Amino acid sequence: MGMRTGEKGRSFEGIWGGRNYEALASVFGMGPRFYERALGGLVLAPGMKALDLGCGPGGLSFALGARSPVDTQIHGVDLSVDQLDLASRRAGRVSCSLRFHRCSMDELPFPDGEFDLVMTSMALHETPPEVRRRTVGEVARVLREGGRFLLVDWSRPHLGLWGAVWFPLVCWGERNRDNWNNVYPELCRSRDLILEEDCYLNSITRRQLFRKAPRPAA
């Protein structure tokens, strides 16, 4: 059992999931410090709810949970049972409520306007373009007005070590074109998600923060 590719995208199972996934991700610079930097200044106020798309074993969820009040909720979704099992076993490490669900990020089992923050880290590029587009629609649906969407994923590489390493792997193919061309601001804007922050965390990883615009008064 290993990486599985289906109509919804790749999932990390067996030897590619759980602790092995974490170890490999750390080799590529995605350890606890990476998730702290990805969050930046984002925090949850008392009573708020957050959603982590393609959460894996929960690195971003736990980073947010460590800085969140006890009466907040964080939900994570992923396709991989192995990733979710490890995340669920660790849920008691933070004082707020952490819950993990198996589903695709483009078919979320949550009501409209449920979340104050939706976030995703290094997951959208693992999905086909049509899934990404539906995912942006789902983000807009489950996010309340004024809520924020944190999107962290690879983009056109900057100069640097990791840019040189990844350039041959990410510069071709239909699956990679959205990230290479950074189509996300346009996709989000079409759903009233307005770009507020845009920076690189390293030579390849881009952090973009969007806010859901309020609907015009009738």
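The values are calculated or read from the model by the stated rules, or taken from the named source; none is laboratory data. Predicted, not measured: the structure shown is a model, and the values here were computed from it. We place every Cβ from the backbone using ideal geometry, glycine too, and count neighbours over all the protein chains shown.
Residue check: Val77 meets all listed conditions (1) at pLDDT below 95; (2) under 28 Å from Gly41 (Cβ atoms); (3) not polar (S, T, N, Q) but one, namely (1).
Out of Arg175, Arg189, which single residue is surrounded by 12 or more Cβ atoms within 10 Å (Cβ to Cβ) and at pLDDT 80 or above? On inspection, the qualifying residue turns out to be Arg189.
If you go through the stretch 28-59 and keep only what is of a type in the set (Lys, Arg) and closer than 17 Å to Cys96 by Cβ, you end up with just Lys49.
The rows are residues; the columns are (1) modelled with pLDDT under 95; (2) within 27 Å of Lys8 (Cα to Cα); (3) of a type in the set (A, V, I, L, M).
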{"site": "Glu36", "(1), (2), (3)": "no, no, no"}
{"site": "Met48", "(1), (2), (3)": "no, no, yes"}
{"site": "Leu51", "(1), (2), (3)": "no, yes, yes"}
{"site": "Gly54", "(1), (2), (3)": "no, yes, no"}
{"site": "Pro57", "(1), (2), (3)": "yes, yes, no"}
{"site": "Gly65", "(1), (2), (3)": "no, no, no"}
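Among the conditions (1) modelled with pLDDT of 95 or more; (2) touching a Gly at 6+ places or on another chain (Cβ under 9 Å); (3) not polar (S, T, N, Q), Gly17 misses just one, which is (1).
Within the stretch 20-43, at least one residue is within 14 Å of the chain's Cα centre (by Cα) and among the basic types (Lys, Arg).
Is there a residue in the stretch 34-51 that is more than 16 Å from Leu117 (Cα to Cα), without any contact (Cβ under 8 Å) to a residue 60 or more places away in the chain and not acidic (Asp, Glu)? Checked against the condition, which is being more than 16 Å from Leu117 (Cα to Cα), without any contact (Cβ under 8 Å) to a residue 60 or more places away in the chain and not acidic (Asp, Glu), the stretch 34-51 yields no hits at all. If you go through the stretch 65-82 and pick out every residue that is over 18 Å from Leu124 (Cβ atoms) and out of contact with any Asp or Glu (no Cβ under 6 Å at 6 or more places or on another chain), you end up with 11.
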